[in-house]
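The structure under discussion appears below in the form of structure tokens.
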């Protein structure tokens, strides 16, 4: 079982069907890998051995009787600790919720159970899943498998570290401002932030920034992303936004001739030179190998306006979280307190003005895709930084602010767009660098098709950290 951790979810499912591997063996192989690597990474913070083994045994019985529930039946995976898994602790990375046990599954988690997936545990996240690195006062700091002195990013740092290290082939995470895409870019993986509403949700922690956050999978291969998304996506009447999102989903179309807008800058913001070079190398693959038409483009957003909307809407959401907790100042990370105070002091009229401004911005989305089908951008402006630090201090030797690494991702969340993040071509010994493909609302399948074609042309799955 020493090589089980190297298998993708699709390979595991195929081995279950052929009888070459059982779900129980797969779970035990993943847990062995977790035991060997997690002490150095602190990626997985909760394991439910009893429930996971029971689910694996039930899956094994289904395969033996020829009644497997689908391609994820028996596949072990994890859930980010800001999502509800019924009967399992959900801390949200906060001392406010360190003893909270979720009363029920969120919709995506319930769909995974119905598909036979083995939910093994929860992955680490910064407090309230609001930071670009992963550290909290409940579980501590998570580290990057490629270099344990560095951060895996945030807020899905535990999720990406667990997959990159081979603990599990899949992780379910969330993305409210780049929380899947930036960590994926730091760890050599694939991840998708689906169109808003494409993955229905109804039970869990209150959203911080309206509908900015979406649930999505993290994996080593695009095929595994698709397997997971096919299970968790789809409408549910308990989430009216998901009903509209289902109608907006469009079938894919030909890749050849697809118009791709290459963006490598955002106003006067700094971007690491190595990242620009890697993203341009990826763009060459799309134009040279896949027959796409790649042209340089301006960013389809104002980074300062997006940052303002994200900061203020998140502040009001944080303020709502602490209401009813009289001791919140003593139990919340001091770095989050200034944002909470902004939210507590914001007038209702100012909050409504933010929503109006966001609505105007979203109405302009169709114009962004009149001359471009897909945008290709960096996932982050900075390379990963020391794991204990909240954000990188410099880019290209020049000082940056707390959100300096995040200039390319939050616009996707503000506008509700789908985005898939993939590894750019790089040397075997180099730290991973990721890029994102951003499509129009409802173009999730197009992005996955495009990502699969890119993966065929520039494969990365066998490039692993030496953890």
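Quick note: the coordinates plus some simple rules give every number you see, no bench work behind them. Quantities reported herein were computed from a predicted structural model and do not represent experimental measurements. So basically every Cβ, Gly included, is an ideal-geometry build from the backbone, and we count neighbours across all protein chains shown.
Residues 321, 184 in ascending order of nearby Cβ atoms (within 10 Å, fewest first): 321, 184. Under the rule a/c < 1.5 gives rounded, and otherwise a/b versus b/c splits prolate from oblate, where does the stretch 397-441 land using the Cα gyration tensor? Verdict is oblate for the stretch 397-441.
Note on residue 67 and residue 40: their simple-model spin labels are 4.4 nm apart, each label 7 Å out from Cα toward Cβ.
Using alpha carbons only, how many angstrom separate the centre of the stretch 13-63 from the centre of the stretch 402-465? The two parts, judged by their Cα centres, are 28 Å apart. Look at where the Cα atoms of the stretch 284-354 and of the stretch 164-240 average out, and the two centres are 18 Å apart. For residue 50 and residue 367, a Förster radius of 56 Å and the Cβ-Cβ distance give a FRET efficiency of 0.55, rounded to the nearest 0.05.
Considering helices alone, the calculated mean residue ellipticity of the chain at 222 nm is -11500 deg cm²/dmol, with DSSP H runs of length four and up weighted by -39500 (n - 2.57) and normalised per residue. For the stretch 348-446, the spread of Cα coordinates along the three principal axes comes to 45, 37, 20 Å, biggest extent given first.
For the stretch 209-318, what class follows from the C-alpha gyration tensor (a ≥ b ≥ c being the square roots of its eigenvalues): rounded when a/c is under 1.5, otherwise prolate if a/b is larger than b/c, else oblate? Because a/c hits 1.5 or more and a/b fails to exceed b/c, the stretch 209-318 counts as oblate.
Rounded, prolate or oblate: pick one for the stretch 1-126, where a ≥ b ≥ c are the square roots of the eigenvalues of its C-alpha gyration tensor, a/c under 1.5 means rounded, and failing that, prolate if a/b is larger than b/c, else oblate. It is oblate, given that a/c is not under 1.5 and a/b is not larger than b/c.
Computed over the alpha-carbon pairs of the stretch 7-248, the distance histogram in 10 Å steps reads 9, 35, 39, 16, 2 percent, short to long. Stretching the chain fully between residue 466 and residue 104 yields a gain of 126.6 nm (0.36 nm per residue, less the alpha carbon separation). Rounded to the nearest whole angstrom, the semi-axes of the ellipsoid equivalent to the stretch 112-222, taken from the Cα gyration tensor as √(5λ), stand at 20, 17, 13, largest first. The peptide list 444-451, 241-248, put in order of mean Cβ contacts within 10 Å with the highest first, becomes 444-451, 241-248.
Relative intensity of the stretch 259-457 on a log10 scale, I(q)/I(0) at q = 0.09 Å⁻¹, equals -0.41, per a Debye sum over C-alpha point scatterers of equal strength in the absence of solvent.
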